[in-house]
Structure formats: C-alpha cells, structure tokens
1. Confirm whether residue 329 is farther than 18 Å from residue 361 by Cα and out of contact with any Pro (no Cβ under 8 Å at 6 or more places or on another chain).
2. Tell me yes or no: at least one residue of the range 338-355 is within 25 Å of residue 269 (Cα to Cα), out of contact with any strand residue (DSSP E or B) (no Cβ under 9 Å at 6 or more places or on another chain) and not in a loop (DSSP other than H, G, I, E, B).
3. Check whether at least one residue in the range 357-378 is closer than 26 Å to residue 238 by Cβ, outside any loop (DSSP other than H, G, I, E, B), of a type outside the set (Lys, Arg) and under 20 Å from the mean Cα position of the chain (by Cα), and report yes or no.
4. Which residues, counting only those in the range 163-181, are of a type outside the set (S, T, N, Q) and within 25 Å of residue 410 (Cβ to Cβ)?
5. Keeping to the range 193-224, report how many residues are polar (S, T, N, Q), farther than 21 Å from residue 333 by Cα and either in contact with a Gly (Cβ under 8 Å, 6 or more places away or on another chain) or not in a helix (DSSP H, G or I) (or both).
6. Of these, 236, 190, which one is assigned to a helix (DSSP H, G or I) and over 30 Å from residue 291 (Cβ atoms)?
7. Please enumerate the residues belonging to the range 58-110 that are exposed (fewer than 14 other Cβ atoms within 10 Å of the Cβ), within 13 Å of residue 207 (Cβ to Cβ) and either not assigned by TED's automatic domain parsing to the domain that holds residue 208 or not small (Gly, Ala, Ser) (or both).
8. Among (1) more than 26 Å from residue 126 (Cα to Cα); (2) crowded, with 17+ Cβ neighbours inside 10 Å; (3) touching a Phe, Trp or Tyr at 6+ places or on another chain (Cβ under 9 Å), there is one condition residue 404 misses while meeting the rest; what is its number?
Amino acid sequence: MFKRTISTLLIGLTLTIFQSYAQQPNPYYKLKGNNIVQSKNYYLLTLLQGLPAVKKMLETDPDLLKLSAAKLDAVKASFSCKDISCFTTAVKFTPEEIQMVSDRLAKLYQPANALGLLIKNDLIPSGCYALNKSLSPKEQLIKAWEQDAAGVNYAISVYTEGKKPNYPDIDSISFKVSSKSYPDALLDCAEVIAKEYRDNKLFFGAVLGYALQAMEINGRHDAANFEPLATGINKAAVLKIKQTNWVKYKYTAILVLGSGPDDYTTPISSIGMLRCRMAAANYFAGMAPFVIVSGGTAHPYKTKYCEAEQMKQYLISNLHVPANAILADPHARHTTTNVRNAERIMYRYGVPFYKPYLTVSSKLHIDYVINVMGPRCIKELKYIPYKVGNRVDDNTLELYPNTDALQINPQEPLDPR
C-alpha cells in the first residue's frame, strides 16, 4: 500500500512537471504569417487564418459564417455614412459578438483536433500569450481570441476615429479627423475592404483587414521596421552569441536605456551619447559580452531617425565597440519596453536567461526604474518583465529577465511584440 502511494505520488509529480514544461514558450519558435505587423499584433488570428485545417473548420461553422457576413455588410452599409463614428461603430466587434465567438471556439475545441494542435504546437510555444500560461489550453484559446478582438478594435479606434492612444505625443493618428474631407478617406477605406474581403469567409477577416489598413494609411508600420532582426541589423551579434563562453562573464549584456532627441534634425541626443559611453565603459571592463541599444522611431512624432540604429552607429564609430558585440532593438517606444524588448531579444537569440544583465542610464532614470517603473509596467503591460537586482553604482543596475516579456501588448500596436 505504501509503495503504491509513493508510486502514485511520483507519477503525479512527473505529470505536473511535464504539464508545466509543456506550458513554457519555446525560444526557437518562429512566428508564422506573411504580414509582420499582423503577426506581432494578432497572432491567434494569424494562426486561424494561416493553418488550413483550422481555417476550414471556422469557415464551415454556421454561426461564425453569419458573423462574417454581418461584418462585411456593416462595411458596405458605411458607404452612406457622413460622420466618423458611423463608419467604424458597426465594423468593430461588439461585446456580444466577442462572447459569441468565445462560446463557439469553446464548443469547437478538442485537444486532438486542429484547434487543440494549434494551441499545443503554436500558441503556447510562441509565448505570445504568456500571461495565460496557468490556464487550460481551451481557456488560453478563448483569452487569446478576446485579446486579439480587443486589439483590432483598439487599432480602429485610434487610427480611424482618432481616439487618444496611451502616448498621444508620439503614437497618434496622422489625419485631422475634424477635417471636412476626412470622411471621404474613410469611405475609400470601406470600399477597399468591401472589395478585398467580399469572398472571405473568416468571421474576423473584414475587421482585421480594416484595422491593418487603418495602421497602414497612417504610416504606422513601426512593428515591422528592420525585420527580420536576426538576419539583418543583429546578424553579426547573433553569430557571436553562438560562440560565446558565458562562464567568463558576470552579466549577459548591458542594456542602454533610450532618450530620443527633441527635434527632427538631430540623429542622437546628447543624453543618448552619454548613456552609450556608460555602456561602452562597462563593455571594455569585461562586464558583459554584448551591448543592447533600444529605441524605435518614436521621438519626436514620426521622426525619420531610429534611436537604436543611431546609438549602434555611435558605439561603433565613436567608441569603437565591435559591431558584432551590439544587439539592437529598433522598436521600443518607452522605458518599460526598452527592458521588455531587450529580454525578448536575449531569449530568442539564446542568451542565458538564468544570469542577470546590466542596464545603464542617468542617475535619475535608474532611480525611476527602481522606484516607479514597476507599477507603470503593471498598468501598461499587466506584468513586470524583470526583477531588480543590485545597484552597482549611480548609473548601473542589475536586472533579471522574465519570460512573461514575450506577451503581446495589443494596446501598443506600433510595438506589440
């Protein structure tokens, strides 16, 4: 009896460990899809659209077919609209429609069918919905759908209706929505979607298309800038990572927190230069084998300069840091995402996640990371993507990475993943 109890406990423990492991993201997983902006923002919808067996299942479901037709009809009905809200209100998913789809997906899901395999082979390994890892696979499917639905609604609200995003100074709509001619632009949008999706049977097709088109006409393709990073701007460093003896270093990398210029003619700010010098000093002291520069085309509004690209050039040309020792994140728009994106890069490129890394910045900025940024991350990202370690000096702080950093943030469509 005792032996049987021990055996049962061991089997249960083994199963728990296996299930826990199975719920972890895979660092070698590659995102699928032909549209980078779409894949980064709405990965479940990308999978539903791109996996043939799943697509067929959804296209033949009567309730989901009705929703597909209703959304296309809503786009066509907007042809007679005269004001902005009329164009977009019926196009976006309503709470009732989102719930209906949740219910249908729950009914359709089986662990061994196409939806079950999607969760097992793609959604969980991708890490794109990492915050749902404690849920059952079926619940993860539902939560991912609800996140993507809210995400496409958000993009339509910001980039057609002119709703204020989280950071309106850098992320707002490009059009003057009060202009008398603006409804004409929305009419053109509706007509294009109606034609492009007239034969599309996926319940989300027209709405997703509308959201992507809204970002496109606003010139908001930031999420796709410099992609693919691993074979482009980061190619030399990725090759070096594979040859690095990590035992030699206390830290894996040195992250430079961004500080964009205030005008359109300055490629890199004076503060950015100083922070690069802090990073270079730590690099040449042998603290870590890599420097990570982070910052997108964020400051000022719609600048032509990418902060990470400019910092990389400064490190190479002025401070003589080797090009293959520099990793660039050309997408981050805030301090929170400087840290989050750096960790994503490290995880995807095979940098050890059990070791800390350094972050360098101005003294007050490091104070901010320690004392203020955690609650801001909770508010904006719904989690804290790091653990604070020791403060090395006024300008240098240890951080420990967290795989929750892989989670998509659909409320930041210019840098969601």
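1. Values: farther than 18 Å from residue 361 by Cα: no; out of contact with any Pro (no Cβ under 8 Å at 6 or more places or on another chain): yes.
No.
2. no
3. The answer is no; no qualifying residue exists.
4. Result: 163, 164, 165, 167, 168, 169, 170, 171, 173, 175, 177.
5. So the answer is 1.
6. Numbers: 236 fails: over 30 Å from residue 291 (Cβ atoms).
Just a single option satisfies the conditions, and that option is 190.
7. 73, 94 - these are the residues of the range 58-110 that are exposed (fewer than 14 other Cβ atoms within 10 Å of the Cβ), within 13 Å of residue 207 (Cβ to Cβ) and either not assigned by TED's automatic domain parsing to the domain that holds residue 208 or not small (Gly, Ala, Ser) (or both).
8. (1)
The values are calculated or read from the model by the stated rules, or taken from the named source; none is laboratory data. This one's a predicted model, so the numbers in the text were calculated from it and none came from an experiment. FYI the Cβ positions are ideal-geometry reconstructions off the backbone, even for glycines, and counts take in every protein chain you see.
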